[in-house]
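Peer 1: What follows is a structure written as structure tokens; I'll ask about it next.
The values are calculated or read from the model by the stated rules, or taken from the named source; none is laboratory data. Please read these numbers as outputs of a predicted model, since none were measured by experiment. Using ideal geometry, Cβ is built from the backbone for each residue, glycine included, and neighbour counts are taken over all protein chains shown. Ligands, DNA and RNA are stripped out before the accessible areas are found, and what is left, the full protein with its side chains, is counted by its heavy atoms. Shrake-Rupley method; radii C 1.70, N 1.55, O 1.52, S 1.80 Å.
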Amino acid sequence: MGNILNLMRGTGDDQFEPWPLLGFRAISGQARWKAIHQKVIANGRFQLLSMAICIAASERIHGRPIYKKGIPGGRFTLFSILTCGLVSDYICHRLTSGKGIPSDPFESLPEDVLCTILSKLPLDEAVRTSAVSRKWRFLWTVCPNLSFEGITMCGKEQDVQKFIDNVNAVLAQCHGSVFDELAIKFDFDTMLVDHLNNWARFVVSSRIKFLTFDLAPENFGGRYERYLFPFQLLDSGSTSRLQKIHLSFGYLQPPTGFSGFPNLRKLDLNLVNVTGKDLQDMLSNCCNLEWLSIIRCHLYDELKVNGPLPHLLYLHFSFCEITKIALHAVKLTNFVYKGKSVCIDLGKSSRLESADISFYGVTLEDAATQLANVFTHVQFLTFDTSYEPPQIPCLMRKPCKFFELRHLKLMLLFESDVDTPHLVSFLMSAPFIEILEMDVSILMVSSLLIVSPSPYTGHVSMEGLLDRPYKHLKNVCMSAFRGSRGQLEFLLHIVENAPALGFLTIDHTYKQVKRVWKDAAKEAKFVDSVHRTARGYLKGKISPQCSLRLV
């Protein structure tokens, strides 16, 4: 035993990592033999315990976690135990003089425990465990998920033929086995088409439930070829089993009379060519859908799903050429839309809690009217838009109401300065708001840094404003603050009309875009000037109970 400890102490730091594992497994071997034969601890449970002791003790001797060198601790520990198994078993055998301790420390572990251990490893590392012993040769095939990623398997310079050969070699060993997931992540190449079809046949034979064909290249501009999703290769059993489909850089052309995916829970489409009619026909036959994301799929038409989607919880549309969205999802809780302003009809979605909306080229007045008609029950609203303020600023005549809204996040880009009246009207449409986050960016800088602290200058009419309309507002944060006249007017309006305001944060940094100052001294001078401007404008106006934080 002393020789082993001396060996560990004398090992160089670069080669030290496996030795604590080997030594302490040998030590735990003696303790395990006594514990098992004295019937103190069950064999399988003791081996898990000895692994935990081994890891903790190795970190103690080493004086630092094993992952400090950049190797993920969990992956390294599991893989080290597996690959060092034969050597450590030899040490255990020498120390215990062959007293019946099994040569494989995992021999008595239940198969489901082994599956759990291997499932925590990436597929390529799980396959490498087949070199531990003959018994381990095919043990990795019990892993429920098969994931093949080009960068992981082939590096940045993705070799199509190498990737194809590797995937085919692994799937050949898995013939006849049942798996939960098959994921292919590789930049699309026409050489892949026939093999992707073969892998789709594997989906059928292996009873796959979760399918990913992520084929979007990093630079897809000007590329028109896509992978045609092989509906014809799927039988009724496989379409019923599939619960998740992720397809990117493909075509969707369901055959006439396609009955859909009755048990599909999640559908993720990115850069997929599909017509509005084909998509709405397919979705109308996915009655158990819970999660739907459609990104950069140009329909050039409206999407109207005729059948109800009673289980849909999450819906996401981004950068799609679409003219209208109409569907019935009574349980919908989260909705995301980014693109041109379109008509949105979500039916009676009374459970909708969160909405993240980005409209281009729309006024706050039009946006407030449209959003309030759709998202009447939303509690957390994020709204992102850019527009030029009207020539004659004024309050909205009949602002709509968000009666359930409690948290509002605005990401606004103004051309010249903040449109204070419409911004005030938008805020007044949420009478019960408690948290307000704002990132107010301004393109033109002519109106910045108005340091003379004077209240409203007369160019904005605030007539018709209710007395203290923000009675529930407690926390306000404005980022991208530059001290413009409009920003200062809006801040002054908030502190004068929010009696419960407890926290006010004014941040000069941008949240929407990252901007780096080249000259730190100029940045410090600018920040100091902005902070002095804010303090001067708010002096004597802000409540003593409100905490002001300048960033």
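Peer 1: Going through F380, F402 one at a time, which residue ends up being within 29 Å of the chain's Cα centre (by Cα), modelled with pLDDT of 85 or more and open to solvent by 50 Å² or more (accessible area, probe 1.4 Å)?
Peer 2: Answer to the selection: F380.
Peer 1: Sticking with this one: Here are some residues: L332, L299, L289. Which one is open to solvent by less than 30 Å² (accessible area, probe 1.4 Å), assigned to a loop (DSSP other than H, G, I, E, B) and farther than 28 Å from P230 by Cβ?
Peer 2: L332
Peer 1: With (1) touching a Ser or Thr at 6+ places or on another chain (Cβ under 8 Å); (2) open to solvent by 10 Å² or more (accessible area, probe 1.4 Å); (3) in a loop (DSSP other than H, G, I, E, B); (4) free of Cβ contacts under 8 Å to residues at least 24 places away in the same chain as the list, and T239 as the residue in question, which single condition is left unmet?
Peer 2: T239 satisfies every listed condition except (3).
Peer 1: Hey, another quick one. Give the residue that is modelled with the highest pLDDT, with candidates limited to residues of the stretch 383-395 that are over 34 Å from the mean Cα position of the chain (by Cα) and surrounded by 17 or more Cβ atoms within 10 Å (Cβ to Cβ).
Peer 2: The residue in question is P389.
Peer 1: Do any strands (runs of 3 or more DSSP E) entirely within the stretch 468-551 hold 3 or more residues that are open to solvent by 20 Å² or more (accessible area, probe 1.4 Å), and if so, which?
Peer 2: 547-550
Peer 1: Next question. Which numbered condition trips up E225, out of (1) under 26 Å from C143 (Cβ atoms); (2) of a type in the set (D, E); (3) over 25 Å from the mean Cα position of the chain (by Cα)?
Peer 2: Result: E225 passes all but (1).
Peer 1: Give the stretch 223-236 a look and list any residue that's in contact with a strand residue (DSSP E or B) (Cβ under 8 Å, 6 or more places away or on another chain) and either of a type outside the set (D, E, K, R) or exposed (fewer than 11 other Cβ atoms within 10 Å of the Cβ) (or both), or say none.
Peer 2: Within the stretch 223-236, Y227, L228, F229 qualify.
Peer 1: Quickly run through the stretch 192-222 and pick out the residues that are assigned to a loop (DSSP other than H, G, I, E, B), more than 19 Å from D159 (Cβ to Cβ) and either open to solvent by 60 Å² or more (accessible area, probe 1.4 Å) or of a type outside the set (A, V, I, L, M, F, W, C) (or both).
Peer 2: Selection gives S206, R207, K209, F220, G221, G222.
Peer 1: Here are some conditions: (1) closer than 30 Å to V272 by Cα; (2) surrounded by 13 or more Cβ atoms within 10 Å (Cβ to Cβ); (3) modelled with pLDDT of 70 or more. E125 meets all but one. Which one does it not meet?
Peer 2: Exception for E125: condition (1).
Peer 1: While we're on this one: Being out of contact with any Gly (no Cβ under 6 Å at 6 or more places or on another chain), farther than 28 Å from V274 by Cα and open to solvent by less than 50 Å² (accessible area, probe 1.4 Å): is that true of A372 here?
Peer 2: So A372 passes the test.
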